[in-house]
Amino acid sequence: MTQPDPAAPTALPADWRDGHFALRAEGPEGPLALALSGGQVMDMTPAYGTVSAWLNGADPVSAIGAEGEPLALDLPALLAGEGPYRLLAPFDLQALKACGVTYARSMLERVIEERCRGDASQAERVRGEIRDIIGDDLAALRPGSAEAIALKENLIARGWWSQYLEVGIGPDAEVFTKGQSLSAVGSGALIGIHPGSDWNNPEPEVVLAVNAAGTIVGAALGNDVNLRDVEGRSALLLGRAKDNNAACAIGPAIRLFADDFGIEDIRAAEIRLTITGTDGFTLDEAGKVGSISRDPTDLVGQMLNAHHQYPDGAALFLGTPFSPSKDRGAPGAGFTHRMDDVVRIASPRLGALSNTVRRTDECPPWTFGIGALMANLARRGLPKA
C-alpha cells in the first residue's frame, strides 16, 4: 500500500503504520465503519455496524484483529477524494458536544465579541481595553480557584464582568451541543458559513472520542466553525452561531488510545491552522493543547457523569487554543472567511483535516440521519448476528 503523504490536504500522521485508527467511508452500498491498524484496512461493519458500537466495546483496539475483516481499499485514493469510496466524519451515532472558552486567548476573544455586539470594526479597540485591565496571559489561572474568584470580583467592580469570563475562570465549564449525530462532515468536504454572517472564523480543536462509560478511547481533529457576529449579539444565539449545515468538520480519523498513544500525547499536542484564500490571503498559526485552562479529563467529567449520560458515546470538542485575528481587509477589522477559503488543521499525531468554505445553502444538505443509517444497515444485514 502506498504511503499517504503527511503534507497532503487530507492526511494521516506520518507514523500512521504504528497506530490504530477508526474512520468511516461511504461505499457503493452505504457507510462503512473501518479500522486502520498496522497499515491494514479492516472492515468493522460486519461485527458492529457503527463506529459507536465498536468504540463502546470493552477493547476497541483488540477488536480490530479479533473481529475486523480485511478490506481491499485504496487508502491514498480515499484520502485524496478519489475512487468509489468517500471519506466521512469518523463519528456516527455519538453525540456531538463541544466545550467553549477553555483557553485564555479564546476567552478574551469571546469577551471582545460580546463587548462589540458583533461589530468586527470595534474589535481592536475593545481588545486593547480588556488587555489594559486584565492582560492576556491567564493560562496559569485555575478556574474556580481563590485567585479566579478575586479576579471576578475586581472585574465586576470595574463593570467588565462577562458570561464568558464566568465559564472561562468560574467552576463550571461551558458544554454545548455542536450538532446532531451524523451531521458532521469529513475531511475533503465543503464547510458552511451562513450567508447572514459578516464576521466568522474556523476554530481548530482536538475532538475526544468518549464511550458511554465516560472513558476517553481516542482523539481526532475538528473545526468548530463559528459565526462571531451572531454569538456576539447574544449568547442565546449560540445554536444559530454554531449548529448550521456543514458547520462541523471532524477527521480524518480517530486515533485510538493504545500503548503508542494516549492522553499525555493530547496534552502535549500542537495544532496548526493554515488558511489559503483565492484573494491571496494566507494565515498560518499554531497553538498548544496544553495551554488549556481545564484538563481534558475534567471536561469529559463535566460532560458525562451521574447527571447526564450518552449511551452511544460522545465526540467532545475541547475548545480552540486560538481564534484567528489577523486583519483581512481594513486595518483593525480582524479575520473573517471568504468563499473558497481552504482551511487545513493539522497535528503531528492526528494528521490533517482539510475543508473548503462555501455558503451553508451551497453545501450538500444533510439528509442521511439515524433512521436512514439504521435502514441501510438492515438492508445489508449488518451487523451480522
### Among Ile191, Ala346, Leu23 - extreme Cα towards positive end, dipole of the chain, charges at beta-carbon
Ile191
### Query
Considering lysine pairs in the chain that are 8 or more places apart or on different chains, how many have Cα atoms under 24 Å apart?
8
### Message
Heavy atoms of the protein only, probe of 1.4 Å, neighbouring chains included. What is the accessible area of Trp160 in Å², nearest 10?
### Response
20
### Leu318, Leu190, reordered so the largest accessible area comes first (probe 1.4 Å)
Leu190, Leu318
### Query
By how many nm would the segment from Arg267 to Arg117 lengthen if fully extended, with 0.36 nm per residue of separation less the alpha-carbon distance?
50.6 nm
### Task
For segment 24-103, run through the GluC sites (Glu not before Pro) and keep only the ones in DSSP coil with at most 15 other Cβ atoms within 10 Å of their Cβ.
Glu29, Glu82
### Query
Roughly how many nanometres apart are two label points built 7 Å out from the Cα toward the Cβ at Ala333 and Glu129?
2.2
### Task
Using only alpha carbon pairs under 8 Å that are at least six residues apart, calculate the relative contact order of the chain and give it in whole percent.
24
### Message
Just to make sure I understand: if all protein chains stay in place, what is the order of Ile254, Ile216 by accessible area at 1.4 Å, largest first?
### Response
Ile216, Ile254
### Message
Considering only C-alpha atoms, what is the centroid distance from segment 190-220 to segment 289-315, in Å?
### Response
14
## Note on the structure
Quick tally, 1.4 Å probe accessible area for His337, His194, His307, His20, sorted with the most first, runs His307, His194, His20, His337
### Query
When the helices in the chain are scored as -39500 (n - 2.57) per DSSP H run of 4 or longer and the sum is shared across all residues, what 222 nm value do you end up with, to the nearest 500 deg cm²/dmol?
-7000 deg cm²/dmol
### Query
FRET efficiency for Ile149 and Asp260, Cβ-Cβ distance as r, R0 = 45 Å, nearest 0.05?
0.65
## Note on the structure
Counting only protein heavy atoms and leaving out ligands, DNA and RNA, the solvent-accessible surface of Met42 at a 1.4 Å probe, in Å² to the nearest 10, equals 20
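The values are calculated or read from the model by the stated rules, or taken from the named source; none is laboratory data. Source: prediction; values computed, not measured. Virtual Cβ from ideal backbone geometry, glycine too; neighbours counted across all protein chains shown. Surface areas here come from the heavy atoms of the whole protein model, side chains and all, with no ligands, DNA or RNA. Shrake-Rupley method; radii C 1.70, N 1.55, O 1.52, S 1.80 Å.
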